[in-house]
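Right, one structure below, let's go through it.
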Amino acid sequence: MKLLVAMSGGVDSSVAAAAMVAEGNQVIGVTLKQWSGPDGRLPTAGCCTVADAEDARRVAATLGIPYYVLDYREKFSAAVVDHFGREYLSGRTPNPCIECNRRVRFGALLDRAAELGCAGLVTGHHARVDHDGARFRLLRGRDDAKDQSYVLHMLGQAELGSIRLPIGEMTKAAVRTEAARLGLRTADKAESQDLCFVGGDYREFLRQRFPESARPGPIVDLEGAVVGTHAGTAGFTVGQRRGIGVAVGEPRFVVGIDAATATITIGRRGDLAVAACRVRGVTFVSGVPVPSGAEVSVKVRYRSSAAPATLWDEGDHHVVRFVDPQTAVAPGQAAVFYRGDEVLGGGTIAEAA
Amino acid sequence: MLYLDHAATTPMRPEARAAMAPYLNGEFGNPSGMHAVSRRAKDALEDARERLAHLLGAAHPLDVVFTGGGTESDNLGVAGPALAGGRRGVVTTPVEHAAVLDTARFLAGLGCAVEIVAVDDQGRVDPEAVAASVGPATRVVSVMTANNETGVVQPVAQVAAAVRKDHPNVVVHSDAVQALASRPVGLGTLGVDLLTVASHKVGGPTGVGALVLRGGIDLEPIIHGGGQELGRRSGTHDVAGIVGMVAAIEAAVADRDRFVNDVGEARKRFETALAAAIPDAVFTIDDEVDRLVQHSHFRVPGVDAETLLIRLDTLGVAASAGSACHSGAREVSHVLGAMGMAPAAAAECVRFTFGWTTRRGDGDDAADAMASALEGLR
């Protein structure tokens, strides 16, 4: 089978490519050039750097597969970076990896795989795809600590039918052992935590690329009293504690962001708890909505555990009602619905309800 | 395997390999020494210099500066005169190789006046427009002999004549790296003062080139050190490379008529067959425009160049999307942008370039490969 493997230069996609080669597939490796500095070259720090692309190239050479760097900068900029800026400017906290998966990796790149005559696209995500006899299912990765199913919740039946996620069956430790066994140079490579298009501080990136994000305003408490000022709402996320710049005895958290009036509202830890939230743009992996009122568990951030809740269809949006109130439910982040290990679907958090 | 990327680099000619062999084996001397081992290397170096001076119309062998390649020759050819005795200006075009454009940008950062003269939709510059952009601060005009992406030939002799009419103290540089494979190239032939050539585009080794100039032009060196090449380019000579380059250029000049006939026939067959098989294919350069015989530049609407090139690669066909100088990712061409082509169309453009190992039938094979590569795509 002819397969296209998206190789980031990390250990997971290196081993994914190796696994596909070992199965006897005809494999093509690609790295997406998503972002570049003003000189048009790949960044040298952060994620998706020149060194990452070179690692991917060397791994491809070790595996004996053709390798290409594909230019997706324009697509990425329009689909991911502009969205990132718009969301922050609207007082929300975007997850650019989700937008990238939706529009670039499992959008444009999946189309590219077909254009290249490939039967499927392979990535190094820690998540699993199986088929229950009727439909493809998206499942959490075997390694709980590394599970990436949250950022794949937008995938539907068509996508799941055309992708392979071989790493989802492995723990991270097993991935590294396999890479070492194969002599791949990425075996011990550290994981990147940065956004690929933001070298350092994302606030600085926003100030430079979206200057309108630097709009100062008041910081108020829940009673409406002004307790401080800030340099732009884009610097804040609901649930944030550090860096608010207001010193009052007990710890204070961001509990609200109003971009229209450039107002940040702060409160105590207890003020963060929400019993329910509205979710927009919901999709279901199976293509069929779960019945309104269904019991699910919901992740509201990439690195949070799934909390029990019920999911209600309200027409143009869904409402998640948590069994226990949840903190740090940030508009702009994804709410992803699970049943056990299975991803049912998800959408974007609009606001507390 | 069908190799259609000769403008990126071309196989080494046997004459070059044979000429180099002694200097990769027993003759290892550094030509800058005074003993017999050095002397033999020095003799080989100076023999190569004399022959290259003769081939490229330099009045004296010392008007040849050996460099580390076309890029370095362009850097020295533009920055050398501009920085000798001050920070003087440069006039050039937006379709030059990055080696010239980035040097101009670097000079602008140093305070040199830089003018970029627009080109028409075929990438040609108007000699009078170039002359009109020359000002009192200008020292160098740089216009390439032929474009590396499209093969379009510039009116370099007319540019030089137009510039000299009112500005006898301005020197004219031309990058003839691509043209050398199939056109007569020389200081007199082109009417220029400085000329860049590179070894590996005509069948010599990579990493060696030359800047040939008229006597009396001062160059500020850009590589400093032991003072080789009369201080114009320091660094121990790559004797094998230089000897190989000159042997390759001699062979290319001797082989030029055959090259033009065979490559011309191959390209004609390719373009005729492509137009017949893929009627909506768009050739970038109009029929009546003078272009190098080895270049074919085209696009298939609706098919991204990256997709097409990967499919061709899978079929064993090596081609490119323009210049091959970056990290391996295709960059939207500054040349096509300067010609006014929309980015979406530019992203579909593919370059096939033929060379000295091309057989006439390769043109038919190239067209067949295109048909196979597009199968099932549209």
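Please treat every number below as a calculation from the coordinates, not as lab data. Quantities reported herein were computed from a predicted structural model and do not represent experimental measurements. Reconstructed Cβ throughout: ideal geometry from the backbone, glycine too, with neighbour counts over all protein chains shown.
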Item to check | Cα-based helix-to-principal-axis angle, B:156-166 vs chain B, degrees rounded to 10 | outcome: 50 degrees
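If you filter region B:14-78 for chymotrypsin sites (Phe, Trp or Tyr not before Pro), then keep DSSP loop positions with at most 14 other Cβ within 10 Å, what is left? Could the numbers behind the result be given before it?
Working: sites: B:Tyr23, B:Phe28, B:Phe66; in loops: B:Phe28.
Qualifying residues, ordered by number: B:Phe28.
When the Kirkwood radius is taken over all Cα pairs of chain B, what Stokes-Einstein diffusion coefficient follows at 20 °C and 1.002 mPa s, in µm²/s? Intermediate values should be presented prior to the final figure.
Details: Rh = 21.3 Å.
Value of D from the Cα-based Kirkwood radius: 101 µm²/s.
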Checklist entry - Taking Cα atoms, how many degrees apart are the long axis of helix A:50-63 and the longest axis of chain A, rounded to 10 and kept between 0 and 90? => result 30 degrees
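If you take every DSSP beta bridge whose two residues both sit in the protein assembly as shown, what share of them, in percent to the nearest 5, is antiparallel? Don't skip to the answer; put the middle values down first.
Values: 66 of 100 bridges.
Roughly 65 percent of the beta bridges in the protein assembly as shown run antiparallel, per DSSP.
Pick out, in residue order, every one of the trypsin sites (Lys or Arg not before Pro) in region A:117-172 that is DSSP loop and has at most 16 other C-beta atoms within 10 Å; say none if there are none. Working shown, then result.
On the way: sites: A:Arg128, A:Arg135, A:Arg137, A:Arg140, A:Arg142, A:Lys146, A:Arg164, A:Lys172; in loops: A:Arg135, A:Arg142.
Loop-located and lightly packed - A:Arg135.
Enter the mean number of other protein chain beta carbons within 10 Å of the beta carbon of each residue in A:63-76, as an integer.
That average works out to 3.
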Next on the checklist: Angle check, please: helix B:239-254 long axis (alpha carbons) against the longest principal axis of chain B (alpha carbons), in degrees 0 to 90, nearest 10.
Outcome noted: 60 degrees
Checklist outcome for this item: Taking the protein assembly as shown and counting helices only, DSSP H stretches of n ≥ 4 at -39,500 (n - 2.57) each over all residues, the nearest-500 ellipticity at 222 nm comes to -9000 deg cm²/dmol
Checklist entry - Once you charge only the Cβ atoms, +1 for Lys and Arg and -1 for Asp and Glu, what is the size of the charge dipole of chain B about its Cα centre, to the nearest 20 debye? => result 840 debye
Checklist entry - Can you tell which of A:Ile257, A:Ile163, A:Ile65 shows the greatest fluctuation in a Gaussian network model of chain A with Cα springs below 10 Å? => result A:Ile65
Checklist outcome for this item: So, relative contact order of chain B in percent, Cα under 8 Å, 6 or more apart, is 23 percent
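Just checking the output field for B:304-317: average partner chain Cβ neighbours within 10 Å of each residue's Cβ?
That average works out to 3.
Loop only per DSSP, at most 13 neighbouring Cβ atoms within 10 Å: give me the GluC sites (Glu not before Pro) in region A:212-312, ordered by residue number. Spell out each step's value before the answer.
Numbers: sites: A:Glu212, A:Glu223, A:Glu295; in loops: A:Glu223.
Hits after loop and neighbour filter: A:Glu223.
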Item to check | Within a Gaussian network of chain B (alpha carbon springs, distance under 10 Å), most fluctuating of B:Arg13, B:Arg359, B:Arg233 | outcome: B:Arg359
Item to check | Peptide A:24-30, shielding by other chains (average Cβ, 10 Å cutoff) | outcome: 1
Next on the checklist: I want to verify a result. In a Gaussian network model of chain A, Cα cutoff 10 Å, which of these has the top mean-square fluctuation: A:Ala273, A:Ala145, A:Ala134?
Outcome noted: A:Ala134
Item to check | Among beta bridges that DSSP assigns inside region A:215-271, antiparallel share in %, nearest 5 | outcome: 75 percent
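Using a Förster radius of 35 Å, what is the FRET efficiency between B:Arg105 and A:Gln208 based on their Cβ-Cβ separation? Nearest 0.05, please.
0.95
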